[in-house]
Amino acid sequence: MEETKALWRRLKIHTLLDLALILPTSYNDTTLSKQLTIGQSHTLKATVREHRYRGGKLQLTFWLSDFNQPLFATFFKVTPYHKQRFGVGSSHTIQGKLERYNGHLQISQPKSIGSVGRIVPKYKSLLTATQMRALIASMITKPNLLATGLHPQEVEILYQLHFPHTLEALYLQGSLRPEVVHALKCIEAFNHLSKLRGKRVDFPAKEALRGDITAFVVSLPFRLTPEQEQVIAQIQIDLARTDRAAKRMVVGDVGSGKTMVILASVMMAYPSRSILMAPTSLLALQLYEEACKYLPPSLRIALVMQGRSEGVYQEADFIIGTHALLYKEDIPSSALVMVDEQHRFGTKQRQMLESMMGGVEYKPHFLQFSATPIPRTQAMMESELLDVSLITSTPFEREVLTQTIGKGEFASLLEHIKEEVAQEHQVLIVYPLVEESQEIPYQSLEESRGFWEQRFEEVFVTHGKDRHKEAVLLEFRERGKILLATTVVEVGISLPCLTLIVIVGAERLGLATLHQLRGRVGRNGLKSWCYLYSNAPVNARLTAFTQTTSGFDIAKLDLKFRDSGDILDGTIQSGQKFRWLDMGEDEAIVASAKARLKEEKQGQAPA
């Protein structure tokens, strides 16, 4: 048992299905061939009719009794073994790739094998071939596979992949049959969701929160969208429970109105306290301004940032802050904890804030918000770890024209920028790097700033390493004309007058980043433009990006153009993911796997 555990650790697997999904990379098939196919490997019974030496090569003529025809073979490196082994009249079972030469069937360098009628799998793993085959033989049995919850037909396919009777049942023209691939996708989804479900741990809630939000909703100068109302209703159900602390992630597209969902949640918690952590001072300040604008005056609001605070946070009903909150020893306990742009914080930071507000036996209700849309398949998988809500629509129609441009269009781009500035609109130009680089074929921010500063007034410049970047962004918001920046402006900043963005070297950025940058324009419904400036030839990825403004469609495109990452490790856009499952296309398979797990859980529940 200990030896088996050690082998599992070496393979970095956790479940029986993890092991079963390590499939053979090839097979040594010694079953006799029933037909002759040029270009494929064969196993044949053959008798030597004649042999001769020519130019140091041994040439044989075999007779294939099963097919009543001759076969020619050539050995290029002849040893005494060959001379002894392949005497005239000797019978063999030979293996090799069948070819046609000068109208005759032939095999070069055929192998003479002893064991016939077996299909031996070959694995590529950290274990030796003997260890791997022994482990598979001991663990991958039909009863064991059935016990995992797989359907009988899935068990049969998975078992046959490791212990095949015939490869024709699994492969078609050298590739796995479509029904086999479909089964593997289902098994992979089922296994992954099972592991996610095992990672979820729920705690009792600190208290039930049932604050009335009616007056708050009525007081808003606009109507909430149906999706905002739906998500708010879901959160109301979450927060009203005491048996299980809420654990929900709200994913909303750029400009979808997540702030209103945050403020509605604050009202649900009131008169109990709520706290929100944002990744930057700028975002925290914007949320503070929105809270002061829309929440009732009777609700005390505080802002906590490094070097600046507003209100007395020890007495506040709603505390908004940056990671500076984590280092305040006198932050009062809160019944509702929220994190905005949750992916910008490390797991430890999020857990640290949650732990500061909870006890050993209970937890505060916990809501996370993200403006980075994810594919529905990922949302369905994430929901095994925590509840997920999607907001796919926006409160108003955003008209943003996106197009790719190059050097030839620069003159017309410059005229367009002048027109927007003349209308008291703002322009953002995003550069791929701060200083000159020989490796990147674009001007840097520092190389370009002189050009813009000579032609326009109120040109602001900032980048990721700028210690004053947030102050620069705030000042630009109030009176700037043109902002030159790097992707520091990717997330969150609200610039109501921004109508034109130019992204230099756009082909160097991921689609999700491009979408976040494009989300900076058209925030107040003004007609806006996003120009993807590129020296590269026509780029299919950028062309696809220009044809949709939906972040959720773009999340699927991102999966199409690069693999997704590992949800379990929180690296959803980093590279490797599933071998068979397509996160962009196999939504129905993931939904089916979730339904199976739900049925299984209900079947195990006590009556």
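No lab work stands behind these numbers, since they all come straight from the coordinates. Just so it is clear, the structure is predicted and the values come from calculations on it, not from any experiment. Note that each Cβ is placed from the backbone with ideal geometry, even for glycine, and that neighbours are counted across all protein chains shown.
Assuming 0.36 nm per residue, please report the length gained on full extension of the stretch LEU386 to LEU172 beyond their Cα-Cα distance.
73.0 nm
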**Mean residue ellipticity (222 nm) of the chain, computed from DSSP H runs ≥ 4 via -39,500 (n - 2.57), nearest 500** = -10500 deg cm²/dmol
**In the stretch 405-466, trypsin sites (Lys or Arg not before Pro) in a DSSP loop with at most 12 other beta-carbon atoms within 10 Å** = LYS465
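Using just the Cα positions, wrap the stretch 487-557 in a convex hull and report its mean projected area in square nanometres, one decimal place. Present the calculation step by step, with values, prior to reporting the outcome.
Details: hull surface 18.6 nm².
It is 4.7 nm².
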**Fill in**
Relative to the compact-globule estimate 2.2 N^0.38 Å (N residues), the Cα gyration radius of the stretch 302-414 stands at a ratio of 1.51
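Sorting PHE561, PHE345 on the 10 Å Cβ count, fewest up front, what's the list?
Details: PHE561 14, PHE345 20.
Result, fewest neighbours first: PHE561, PHE345.
So what is the relative contact order for the chain, in percent, with contacts set as C-alpha pairs under 8 Å and at least six apart?
Here the relative contact order equals 12 percent.
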**Prompt:** Given N residues in the stretch 130-171, what is Rg(Cα) / (2.2 N^0.38 Å)?
**Reply:** 1.19
**Prompt:** Could you give the length gained on full extension between LYS328 and GLU50, defined as 0.36 nm per residue of separation minus the Cα-Cα distance, in nm?
**Reply:** 90.9 nm
**Fill in**
In Å, the C-alpha Rg and Dmax of the stretch 57-178 are 19.8, 58
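I'd like the antiparallel share, as a percent to the nearest 5, of DSSP beta bridges with both residues in the stretch 214-391. Could you put the intermediate results ahead of the total?
On the way: 3 of 30 bridges.
If we restrict to bridges inside the stretch 214-391, about 10 percent are antiparallel.
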**Request:** Post the alpha-carbon centroid distance, the stretch 497-547 to the stretch 35-63, in whole angstrom.
**Result:** 63
**Asked** To the nearest 10 degrees, how steep is helix 152-162 against the longest Cα principal axis of the chain, on a 0 to 90 scale?
**Response** 60
**Asked** For labels at MET352 and ALA411 in the simple 7 Å Cα→Cβ model, what's the distance in nm?
**Response** 5.6
**Prompt:** In the set (1) 179; (2) 228; (3) 195, which value of volume of the Cα convex hull per residue in Å³ was calculated from the structure you see?
**Reply:** (2)
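Restricting the count to DSSP beta bridges whose residues both fall in the chain, what percent are antiparallel, rounded to a multiple of 5?
Details: 36 of 90 bridges.
Antiparallel bridges: around 40 percent, rounded to the nearest 5.
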**Item:** In sequence order, calculated HN-Hα J values of the stretch 520-531 (Karplus, 6.51, -1.76, 1.60; Hz; x Gly/Pro)
**Value:** 6, 9, x, 5, 10, x, 5, 4, 9, 9, 10, 9
**Asked** Taking only Cα atoms, what is the 0 to 90° angle, nearest 10, from helix 587-604's long axis to the longest principal axis of the chain?
**Response** 90
**Request:** Would you work out the charge dipole size for the chain about its Cα centre, treating the Cβ of every Lys and Arg as +1 and the Cβ of every Asp and Glu as -1, and quote it to the nearest 20 debye?
**Result:** 3320
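If you take the C-alpha gyration tensor of the stretch 41-112, multiply each eigenvalue by 5 and take the square root, what semi-axes do you get, largest first, in whole Å? Could the numbers behind the result be given before it?
Details: eigenvalues 60, 38, 25 Å².
Computed over the stretch 41-112, the values are 17, 14, 11 Å.
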**Request:** Using only Cα atoms, locate the centre of the stretch 84-124 and the centre of the stretch 375-409, then give the distance between them in Å, rounded to an integer.
**Result:** 57
**Prompt:** Hey, what did the stretch 41-112 get for relative contact order, percent, Cα under 8 Å, at least 6 apart?
**Reply:** 35
**Complete:** Normalised Cα Rg of the stretch 1-139, dividing by 2.2 N^0.38 Å with N its residue count, works out at 1.39
**Item:** In degrees, nearest ten, helix 226-239 long axis to first principal axis of the chain (Cα)
**Value:** 90
**Message:** Can you give me the distance in nm between label points at THR37 and GLN84, each placed 7 Å from the Cα along the Cα-to-Cβ direction?
**Reply:** 3.8
**Fill in**
Counted neighbours (other Cβ, 10 Å), sorted fewest up, put ILE140, ILE187, ILE113 in the order ILE113, ILE140, ILE187
**Asked** Across the Cα atoms of the stretch 137-212, what radius of gyration and what greatest pairwise Cα-Cα distance (Dmax) are found, in Å?
**Response** 19.4, 66
**Prompt:** In 10 Å bins starting at 0, how do the alpha-carbon pair distances of the stretch 214-391 split up by percent?
**Reply:** 9, 41, 39, 11, 0
**Prompt:** Exactly which GluC sites (Glu not before Pro) in the stretch 283-347 are in a DSSP loop and have at most 16 other Cβ atoms within 10 Å?
**Reply:** GLU329
**Complete:** In cubic angstrom per residue, the convex hull of the stretch 400-548 built on its Cα atoms measures 109
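What's the long-distance tail for the stretch 336-389, i.e. % of Cα pairs beyond 16 Å? Working shown, then result.
On the way: 693 of 1431 pairs.
Looking at the stretch 336-389, the distances longer than 16 Å represent 48 percent of pairs.
Quick check on the exposure proxy: order HIS92, HIS515 from fewest to most C-beta atoms within 10 angstrom. Before the final figure, lay out the partial values.
On the way: HIS92 19, HIS515 28.
Ordered by Cβ neighbours within 10 Å, fewest first: HIS92, HIS515.
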